[in-house]
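For reference, the structure is listed below as structure tokens.
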Amino acid sequence: TNLAETDVPSQKEANRAAPTNADGGLLEERLEPRSELPPLLCPCGDQKPERCHWIGAAFGLTDSLHKFWSRQGYQPVYLRQTPSDVTGEFSAILIRPLDHEGNDEEDGATQTAPEWLVAFNSDFRQRFTALLGGAFRHVGPGLALSVLAPKLNFNDDEKAKGAPASAVRRSDGRPITAHDVKRLEKYAQSLVDHHLVADLVPPLARAFFAGQIPTSMSYSQVAILLQLGLQYKEMDDVAKGLGLPTPQVMALYNKAMRKLHTALRTAKEREVEAAMPAGSVPELKPHAIGLDEDLEDGATKFTEEQRLKQKELLEEAGLERYAIAGKETDWDDALVGKKVPKSGMLSVKRKHGDGADASTPEKKDKKKDKKGDKGHKMKREKTPKSSSKKSKHKA
């Protein structure tokens, strides 16, 4: 028996053609026994097996069972909206494709699913997301996230694109406005209460779980967003369901809203940047000299200028005369055969003819010249007086 799963009919099946009427009309057909008709039943060994496209599993939906079948490559396509009267669980159907080549791994999970299964699963997720606020409102956040399997981490390129305002639709079908984004920004900055943006949470949650807002979130933040935005629960009920204090839930919720606002703002900035003319943005080119080199050159020039100015000031003040006299040989002679005093100070006698001594006579000569000039002036002033007295005496 050939067990090959192919759609090509065998030669025997091709020969088993249905009888046809020569005239081609049922009204003129004669009812009479016919020969060479195909049998109604045939042996199983002669019949080739039908080609199977998928295999499914049906069970009452629980977190553990869903994890087990999901690891084997099964994806949900149906979930009953009313729980069972016996177990209180929702009946689920999960299927796994069999006709996709190269999708089996060692653990039985599939790498990629065929297009028809992706379409079925996408339609199921959309309907399940819409019914989370109704029939599935009391489903736990862990089980709901397992069924939805949202994408929690995005790469840098996806984050850089952001989410356009058209990705978030309000209840009237229109995209959110700039005023809505401004309200979201105020709450992200902790300037207003969370009730001011409560109407924006459902459309933001739907867009995020649909994969239209590329922003990375933690599992706790996604669980809070699911309960508030899709299941329409109160903040206290969310805190009880997660087993966390209400202030901590509020803090995580604020961080989630901040990330969503960042994604919307990034997309808007890209739109504005693309709309700007190319000439309005200056082209920035790097300098030929680096910043560190430029600072070092400026510091060197400044230091050299300060040194020259100090040198000029010292020359103008004539401070060279206060320089320490003595040569290296004089200091060496003073140190020979002597011990350095405890005070650490050593004196050297000045010799006649040193620069410091030579400057002293010049000062003395200047003082003498000044005194001589004064004496000479006094004599000149006294001479006329004596001459006048003599003239009077003669008279």
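Descriptive notes on the structure:
- Within segment 149-178, the set of residues being closer than 30 Å to residue 75 by Cα, outside any loop (DSSP other than H, G, I, E, B) and of a type in the set (A, V, I, L, M, F, W, C) comprises just one member, 167.
- Test for residue 257: is it loosely packed, with under 11 Cβ neighbours inside 10 Å and either closer than 22 Å to residue 160 by Cα or in contact with a Lys or Arg (Cβ under 8 Å, 6 or more places away or on another chain) (or both): no
- Segment 192-234: number of residues that are under 16 Å from residue 137 (Cβ atoms) and among the hydrophobic types (A, V, I, L, M, F, W, C): 9
- Candidates 258, 270, 265, filtered to the one that is touching a helix residue (DSSP H, G or I) at 6+ places or on another chain (Cβ under 9 Å), assigned to a helix (DSSP H, G or I), at pLDDT below 90 and charged (D, E, K, R): 270
- Some residue of segment 11-29 being within 51 Å of the chain's Cα centre (by Cα), modelled with pLDDT of 55 or more and either in a loop (DSSP other than H, G, I, E, B) or more than 30 Å from residue 81 (Cβ to Cβ) (or both): no
- Residue check for residue 228: under 27 Å from residue 268 (Cα atoms), in contact (Cβ under 8 Å) with a residue 60 or more places away in the chain and outside any loop (DSSP other than H, G, I, E, B): no
- Selection of segment 134-163 for residues being touching a Pro at 6+ places or on another chain (Cβ under 8 Å) and either under 17 Å from residue 264 (Cα atoms) or open to solvent by 30 Å² or more (accessible area, probe 1.4 Å) (or both) yields 154, 158, 159, 161, 162, 163.
- Among (1) in contact (Cβ under 8 Å) with a residue 24 or more places away in the chain; (2) within 13 Å of residue 257 (Cβ to Cβ); (3) not aromatic (Phe, Trp, Tyr), the one test that residue 196 misses: (1)
- Enumeration of residues in segment 88-115 that are under 38 Å from the mean Cα position of the chain (by Cα), modelled with pLDDT of 55 or more, open to solvent by 30 Å² or more (accessible area, probe 1.4 Å) and of a type outside the set (Lys, Arg): 111, 112, 115
- Pairs are defined by a Cβ separation below 9 Å, a sequence spacing of at least 6 or placement on different chains, a first member in segment 72-87 that is open to solvent by less than 100 Å² (accessible area, probe 1.4 Å), and a second member that is among the basic types (Lys, Arg); the pairs so defined are 72/96; 73/96; 74/96; 75/96; 76/125; 79/127.
- Filter result for residue 198 (open to solvent by less than 10 Å² (accessible area, probe 1.4 Å), in a helix (DSSP H, G or I) and of a type in the set (A, V, I, L, M, F, W, C)): no
The values are calculated or read from the model by the stated rules, or taken from the named source; none is laboratory data. What you see is a predicted model; the values in this text were computed from it and never measured. For neighbour counting, all protein chains shown are included, and Cβ atoms are generated from backbone atoms with ideal geometry for every residue, glycine included. Please note that ligands, DNA and RNA were not included when accessible areas were found on the heavy atoms of the full protein model with its side chains. Shrake-Rupley method; radii C 1.70, N 1.55, O 1.52, S 1.80 Å.
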